[in-house]
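First the structure, in the form of structure tokens, and then the observations on it.
We did not get these values from a lab; they are worked out from the coordinates using the rules stated. A quick note: this is a predicted structure, and the numbers were derived from the prediction, not measured. Backbone-built Cβ (ideal geometry, glycine too); neighbour counts: all protein chains shown.
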Amino acid sequence: MLSSGVKRELTWIITSAWIVVFIAWLTNAWIVCFVLYLLSYMGRQLWSMRKFERWMSGGSYATFPPASGFWSELSYLVSKKQRALEKHADLHLYKSEQFKAASMQIPDAIVSLDQNNYIEWFNTPSESMLGIRRQDIGRKVEGIIRQPEFIEYLNITDFQEALILNTLQGKQRTFDLKIIPYFESHKLLVVRDITELYQLAQIRRDFIANASHELRTPLTVLKGYLELMQDMPGEQQILWKTPLEHMENQSNRMQSIIEDLLTLSSMEADSITSAATSVDVPEILQNISVEARQLGSDAHHIVFEISPDLRLQGYTEPLKSVFMNLVANAVRYSPEGGNITIRWYLDKEGAHYEVKDQGLGIAAEHIPRLTERFYRVDKDRSRVTGGTGLGLSIVKHVLEQHGTTLKVESVIGKGSVFKCDFPLDIVVQ
């Protein structure tokens with residue numbers, strides 16, 4: 001369908017053509033009339049084009065060209081499109097200003113860097129925390145934050161881990177620095193002051209360490225007297241045998257709780273600062289197989305299926321704790337004669353540690369809470385088997401430090417499967 005401007009242009013052409021034909025018929029000067037018609041049409045188009053060009057160069061607020069026909073329609077369409085673009089640009093500018101205003105109110109320091117680490121913009125907290133000023137826009141951030149640890153961190157390509165500094169720009173506080181890549185190699189530098197959080201974690205760790213140390217001494221004394229009383233001769237030994245055994249079991253359980261609390265507190269309060277090493281998982285599992293059979297007193301049928309050359313890049317002692325905790329749980333909560341299968345294998349998705357038992361099973365509503373501290377599905381059974389309620393919490397924190405989580409599948413009366421899926425980037429073969 002033709003637009004109104006094109007229709008008007010065609011109407012003008014047809015009308016003027018008939019007039020020229022009529023004049024040529026009257027004067028019998030066909031060639032002259034035809035040439036004059038072409039010249040007048042070309043002149044009209046050039047004049048309209050010139051008006052349109054002047055209007056375009058004058059912006060959207062310039063006088064609208066008084067042309068008719070095709071050029072009038074074109075001018076209208078361009079003006080309409082331009083107004084839409086300006087409205088769109090105004091909306092984006094408003095959102096951009098809104099984002100900048102919001103970023104200025106964030107308490108963390110935020111600095112935008114280009115692909116060469118030149119400062120593009122920053123928010124207000126960056127001035128007090130990092131000492132950046134308006135005149136620093138366009139300067140390299142290394143020229144302002146000159147600490148070697150920061151420069152080394154800035155030059156790496158993997159920014160998954162944050163950088164913790166105990167001093168920054170002369171301030172003796174604890175800072176968390178994180179670089180977030182975005183939009184074509186640009187980066188956001190986000191700096192948080194975590195001094196209070198760090199101090200709270202330190203206080204908690206010291207409290208648990210001190211409390212545990214103070215509890216160990218009376219526990220040691222109690223256990224010593226219990227052992228002495230259990231060795232008493234005569235009728236008294238028979239009379240007190242059962243109560244003393246119960247007391248010894250509970251003192252052993254309390255000692256296990258203290259040890260697990262220390263381990264868990266250390267993992268929650270501190271990140272692992274030592275360098276990751278190649279962990280010989282097959283050797284660890286070989287040692288665990290001996291301990292598992294001792295723990296189960298040969299009452300369970302335990303099978304280990306281990307890939308002999310499959311290792312991990314990680315931390316040896318925490319991983320030992322994970323593997324042993326899952327095996328110990330399977331032994332504790334499986335009936336005598338039950339089958340327990342421990343698998344360590346590799347596939348296209350990564351390395352997998354799997355413990356499958358034929359125990360009592362876990363109801364679906366309990367599974368999401370299994371890794372909570374002191375959470376027990378069956379409290380009475382946990383006390384009998386010696387569980388502390390902290391083992392799976394330790395497992396959770398260690399796995400998070402290795403980039404994975406614990407997966408649990410269970411059916412009441414048929415058993416459970418506990419599985420750890422380690423990503424390919426930490427697998428060593």
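So how strong a dipole does the range 277-428 carry about its Cα centre when Lys and Arg Cβ are +1 and Asp and Glu Cβ are -1, to the nearest 20 debye?
It works out to roughly 500 debye.
Can you sort L26, L10 so the residue with the fewest Cβ neighbours within 10 Å comes first?
L26, L10
At what distance in nm do the modelled label points of M229 and H88 sit from each other, each positioned 7 Å from its Cα along Cα→Cβ?
Each label point is offset 7 Å from its Cα along the Cβ direction, giving 8.5 nm.
Which order, highest average first, do 158-164, 299-305 follow once you tally other Cβ atoms within 10 Å for each residue and take the mean per peptide?
299-305, 158-164
Taking a virtual spin label 7 Å from the Cα of L424 along the C-beta vector, which residues in the range 297-337 bring their backbone nitrogen under 17 Å of it?
What the label zone holds, given the 17 Å backbone N cut-off, is 310-313.
How much length is gained if the chain between Q169 and Q105 is pulled fully straight, taking 0.36 nm per residue apart and subtracting their Cα-Cα distance, in nm to one decimal?
20.9 nm
Using the beta-carbon distance between E161 and T195 and R0 = 22 Å, what value does 1/(1 + (r/R0)^6) give for FRET efficiency, to the nearest 0.05?
Calculated transfer efficiency: 0.65.
At 7 Å along the Cα-to-beta-carbon direction for both F34 and E400, put a label point, then send me their distance in nm to one decimal.
Here the modelled spin labels are 9.0 nm apart.
For K51, give me every one of the lysines with a C-alpha distance below 20 angstrom, ignoring sequence neighbours fewer than eight places off in its own chain.
K80, K81
Can you give the Rg and Dmax of the range 302-352 based on its C-alpha atoms, in angstrom?
Over the range 302-352's Cα set, Rg and Dmax evaluate to 12.7, 36 Å.
Please list, in chain and number order, the residues 5+ apart from G359 or on another chain whose amide H is under 5 Å from its amide H, with Hs placed from the backbone.
G415, S416
Residue by residue through the range 164-172, what is 3J(HN,Hα) from phi via Karplus (6.51 cos²θ - 1.76 cosθ + 1.60, θ = phi - 60°)? Round to whole Hz and write x for glycine and proline.
9, 10, 8, 8, 8, 6, x, 8, 7
Please give the length that would be gained between L188 and E291 if that part of the chain were fully extended, namely 0.36 nm times their separation in residues minus their C-alpha to C-alpha distance (nm, one decimal).
Contour length minus the Cα-Cα distance gives 32.1 nm.
Any idea which of V290, T277, L406 is furthest toward the positive side of the dipole for the range 277-428, if Lys and Arg beta-carbons carry +1 and Asp and Glu beta-carbons -1?
Going by the charge dipole, the pick is L406.
From the phi of every residue in the range 114-120, what ³J(HN,Hα) in whole Hz does the Karplus formula 6.51 cos²θ - 1.76 cosθ + 1.60 yield, where θ is phi - 60° and glycine or proline is x?
Karplus values, whole Hz, x for Gly and Pro: 7, 5, 9, 6, 7, 6, 9.
Which of the residue pairs K95/K187; K95/K178; K171/K396; K140/K171; K140/K178 have a Cα-Cα distance greater than 28 Å in the structure shown?
K171/K396
Counting other beta carbons within 10 Å of each residue's own, what order do H397, H88, H366 fall into, fewest first?
H88, H366, H397
Within a 10 angstrom radius of the beta carbon, how do S393, S75 rank from fewest other beta carbons to most?
S75, S393
Which whole-Hz ³J(HN,Hα) couplings does the range 331-344 yield from phi under the Karplus relation 6.51 cos²θ - 1.76 cosθ + 1.60, θ = phi - 60°, glycine and proline marked x?
5, 5, 9, 10, x, 4, x, x, 8, 10, 10, 10, 10, 9
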